[in-house]
Structure formats: C-alpha cells, structure tokens
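Written out below as structure tokens is the structure these notes cover.
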Amino acid sequence: MTPQPLTVADVMTRKVVAVRPGAEFKEIVTAMERWKVTAVPVIEGEGRVVGVVSEADLLLKEEFHDHRLGLVEQMRRLDATAKAGSRRAEDLMTSPAVTVAPEASLPQAARLMASHHVKRLPVVGTSGTIQGIVSRSDLLKVFLRPDEDLAAEVRRDVVEPLFPVSRHRIVVRVDAGVATLSGEVRDSALIPLAARLARAVEGVVDVRCELTAEGRT
C-alpha cells in the first residue's frame, strides 16, 4: 500500500563525463568547462570509479600559487599542498570516492551529499562500475512533477486502497505541491495513516488532511 519511492536510478544522469587517472590538469579543467560540471569521476579499466576530482581540488593550485607556507602550515595541510603541486587526476583526486548505489532512495543520496559536503555522487553498481551521476538538482526533479499527476497518485495509491467504500466522497487537490485531502470516511483511525502515506508520495511538498469521520462536522 505504501507508494513506491523513487530511487537514484530514476533521476540520475546516465551520460557521464569522466577522466582517466593520467588525465592532465588542463584536460580536466577543459572537460569541466565544456560540460558545465563542478566535478568529474576518475575511472580505470572498464569504468571502475577510483576517485573524484572537483573544482575545490583544482583551485588548490591557485590558492597556493606564489604563496609560501610556513613549516607548521605545511604539516597541517599536507594533502592540500600535495594536490597544489600535482598535475594529473590520480594525484589531484579525492579517493576513495563517495558513491551511491542506483537502488538507493533519494533521501539516502541527499544525506550522503550533506554528510560529505559534496554536490554530486557517482552512481556505481555492485562491481564498482559507474552507471551515472546524481546531483543536487537531480534530487529536486521530483518537485517538478505536475500537480495533476501528484493528485492522481495520491488518489490511486492512498485514497482508493485505504478507503474502498468511502473513496467517492473524498476530494484530493494538489496546489504547488501541497496536497489537500477532504471529505468523510467511515474509519477515522485511518486518517493519520492517509496523511502519512500522502506525504510519502514523491514530489508532495506538504499535506493538509481535512478528512473527518462520517456524521462529524
């Protein structure tokens, strides 16, 4: 009865811009500029992800350009200074890469991004081979679903299974992603469940539950 949640595979970008470990600094910058991305996975073999090079990794070269560090700061920022002096992807990349499985839910992907402070995640299968890229903007695509589609899904997956007898007396409206359920139902104990299931529909921003028990105003 619970609405089937969307997965990363449903929203990810399948055309991936990636580089090999031996890719040179300017090659990486050129790829990012050409494809308007802020990070590229580094792959080897048949597409196994071994790391990710981001704009932050590349900007270290500019940060430390013509800037001498004291011994203490050098020791404190060994990784950053090493990247600043590097020119190939294998030395610039962050490894191991933070990745996500295609079957992961959108909230799981969002939590991964937030906890690791990244804007996109390579999507990899069980063998570690890249299958796509999911970005913050991809995760927000569900909120672009038309209100009419959301209303139809709430009625089909929530109202009709929960209230087979009184479903015709229930009105489902969605405005700007906010779903409103109104009408009378026989079993008032199911009202909280209806609200929870409607809120679980991908793309619903909020739920206003105005359902009442039969005979009550």
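The values are calculated or read from the model by the stated rules, or taken from the named source; none is laboratory data. Values in this document were obtained by computation on a predicted structure and should not be read as measured data. FYI the Cβ positions are ideal-geometry reconstructions off the backbone, even for glycines, and counts take in every protein chain you see. Keep in mind that these areas ignore ligands, DNA and RNA; they rest on the heavy atoms of the full protein, side chains included. Shrake-Rupley method; radii C 1.70, N 1.55, O 1.52, S 1.80 Å.
Computed quantities for the displayed model
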| item | result |
| --- | --- |
| Residue count for segment 172-201, restricted to those that are in a helix (DSSP H, G or I) and aliphatic (A, V, I, L, M) | 8 |
| Members of segment 39-50 that are open to solvent by less than 40 Å² (accessible area, probe 1.4 Å) and in contact (Cβ under 8 Å) with a residue 60 or more places away in the chain | A39, P41, I43, G47, V49 |
| Residues of segment 174-199 satisfying the condition of being over 16 Å from T212 (Cβ atoms) and out of contact with any Leu (no Cβ under 8 Å at 6 or more places or on another chain) | D175, A176, V178, R196, R199 |
| Qualifying residue in segment 130-152 (condition: open to solvent by less than 20 Å² (accessible area, probe 1.4 Å), modelled with pLDDT of 95 or more, of a type in the set (V, I, T) and not in a helix (DSSP H, G or I)) | yes |
| Within segment 11-38, tally of residues that are touching an Asp or Glu at 6+ places or on another chain (Cβ under 8 Å), touching a residue at least 40 places away in the same chain (Cβ under 8 Å) and open to solvent by less than 50 Å² (accessible area, probe 1.4 Å) | 6 |
| Segment 94-123, residues that are open to solvent by 20 Å² or more (accessible area, probe 1.4 Å) and assigned to a strand (DSSP E or B) | T94, S105, R120 |
| Failed criterion for G85 (all others in (1) at pLDDT 90 or above; (2) loosely packed, with under 15 Cβ neighbours inside 10 Å hold) | (1) |
| Odd one out for P122 among (1) farther than 30 Å from G45 by Cα; (2) out of contact with any Cys (no Cβ under 9 Å at 6 or more places or on another chain) | (1) |
| All positions within segment 167-189 that are farther than 20 Å from V142 by Cβ and loosely packed, with under 15 Cβ neighbours inside 10 Å | H168, R169, V171, S182, R186, D187, S188, A189 |
| V158 vs. criteria surrounded by 13 or more Cβ atoms within 10 Å (Cβ to Cβ) and either touching a Gly at 6+ places or on another chain (Cβ under 8 Å) or on the phi > 0 side of the Ramachandran plot (or both) | no |
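To keep it simple, each residue is scored yes or no on (1) touching a helix residue (DSSP H, G or I) at 6+ places or on another chain (Cβ under 8 Å); (2) closer than 22 Å to V19 by Cα.
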| site | (1), (2) |
| --- | --- |
| A110 | yes, no |
| V123 | yes, yes |
| T126 | no, yes |
| V134 | yes, yes |
| L139 | yes, no |
| R145 | no, no |
